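All remarks here apply to the structure that follows.
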Amino acid sequence: GAGVSQSPSNKVTEKGKDVELRCDPISGHTALYWYRQRLGQGLEFLIYFQGNSAPDKSGLPSDRFSAERTGESVSTLTIQRTQQEDSAVYLCASSPGQPSNQPQHFGDGTRLSIL
Amino acid sequence: AQKVTQAQTEISVVEKEDVTLDCVYETRDTTYYLFWYKQPPSGELVFLIRRNSFDEQNEISGRYSWNFQKSTSSFNFTITASQVVDSAVYFCALIYNNAGNMLTFGGGTRLMVKP
């Protein structure tokens with residue numbers, strides 16, 4: 001498939017555990033984004049990677065959230081000491097990067113449920 | 001402040017009716033880009049259209065049309081002769097010049113088309 005791939009598709013975990021979510025962008029896309037979508041709401045920006053530049057972390061809600069990306073490939077979003085309010089669908093998107101207004105292509109998301 | 005407002009949280013129509021989804025945005029930037037995305041029940045976000053702030057021409061694509069009016073800061077979306085397959089949540093979103101590339105989303109409008 002040529003689309004953005006996310007895994008796992010569903011994750012259920014106990015409060016306090018750490019979780020790792022994975023995103024595999026479209027090949028050749030230099031820009032990668034993470035968003036969070038709470039039930040019945042719009043998407044909230046979390047973090048943005050562009051090539052080898054320092055990521056824009058301005059949307060991360062707390063220091064329990066972090067993300068990494070190696071080069072222009074896979075990214076992982078890590079949530080430490082999960083809380084119930086972290087329950088949401090986490091969506092990853094990628095785009096060609098330049099120009100900056102290119103449409104972002106989304107994966108199917110990871111549905112995270114914190115018990 | 002940069003903001004996207006979709007005042008209609010839910011709309012229900014009968015098949016073949018026309019329906020307009022409203023989107024109002026706020027930004028201080030003179031250069032910005034507006035988007036519509038569709039999120040069907042399966043969950044994936046599908047890109048529909050992009051508009052830049054310098055292009056106020058309306059656009060038609062099949063049964064879909066978009067009306068961009070800078071004077072009222074609106075970017076409305078009309079579906080003509082709606083079909084059951086149009087049932088989805090529709091999101092309006094904004095990229096503004098000084099925000100990097102992240103999308104600012106409205107809260108979404110859930111459209112239900114009944115047979």
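For the reader, a short list of remarks on this structure follows.
- Checked against (1) over 18 Å from B:VAL4 (Cβ atoms); (2) of a type in the set (Gly, Ala, Ser); (3) in a loop (DSSP other than H, G, I, E, B), B:GLY107 passes all but condition (1).
- If the condition is being within 14 Å of chain A (Cβ to nearest Cβ) and over 17 Å from A:LEU43 (Cα atoms), then the stretch B:11-29 contributes B:LEU21, B:THR27, B:ASP29.
- Among the residues making up the stretch A:62-82, a single one is assigned to a loop (DSSP other than H, G, I, E, B) and within 23 Å of B:GLY43 (Cα to Cα): A:VAL74.
- Given (1) loosely packed, with under 14 Cβ neighbours inside 10 Å; (2) assigned to a loop (DSSP other than H, G, I, E, B), number of the condition A:GLU85 does not satisfy: (2)
- The residues of the stretch B:68-110 that are more than 20 Å from A:LEU39 (Cβ to Cβ) and among the aliphatic types (A, V, I, L, M), listed by number, are B:ILE79, B:ALA81, B:VAL84, B:VAL85, B:LEU94, B:ILE95, B:ALA99, B:MET102.
- Any hit, the stretch B:74-88, residues being part of a helix (DSSP H, G or I), among the small types (Gly, Ala, Ser) and over 22 Å from B:GLU15 (Cα atoms): no
- Residue match in the stretch A:90-109 (condition: of a type outside the set (Lys, Arg), away from chain B (no Cβ under 11 Å) and more than 15 Å from the chain's Cα centre (by Cα)): no
- Qualifying residue in the stretch B:77-96 (condition: polar (S, T, N, Q), closer than 26 Å to B:THR27 by Cα and touching a Phe, Trp or Tyr at 6+ places or on another chain (Cβ under 7 Å)): no
- Candidate set from the stretch B:7-41 (those that are of a type in the set (S, T, N, Q) and under 19 Å from B:SER82 (Cα atoms)); member that is nearest to the chain's Cα centre (by Cα): B:THR20
- In the stretch A:41-57, of all residues being in a loop (DSSP other than H, G, I, E, B) and facing chain B (nearest Cβ under 8 Å), the one that is nearest to A:SER87 (Cα to Cα) corresponds to A:GLN41.
- Failed criterion for A:THR78 (all others in (1) in contact (Cβ under 8 Å) with a residue 60 or more places away in the chain; (2) under 21 Å from A:SER9 (Cα atoms); (3) crowded, with 19+ Cβ neighbours inside 10 Å; (4) out of contact with any Pro (no Cβ under 6 Å at 6 or more places or on another chain) hold): (3)
- Verdict on B:SER42 being among the hydroxyl-bearing types (Ser, Thr, Tyr), assigned to a loop (DSSP other than H, G, I, E, B) and either facing chain A (nearest Cβ under 10 Å) or surrounded by 13 or more Cβ atoms within 10 Å (Cβ to Cβ) (or both): yes
Bear in mind these aren't lab numbers, they're just calculated from the coordinates by the rules spelled out. Remember, it's a predicted structure, so these values are computed and weren't measured experimentally. Positions of Cβ are backbone-derived with ideal geometry, glycine not excepted, and every protein chain shown enters the neighbour counts.
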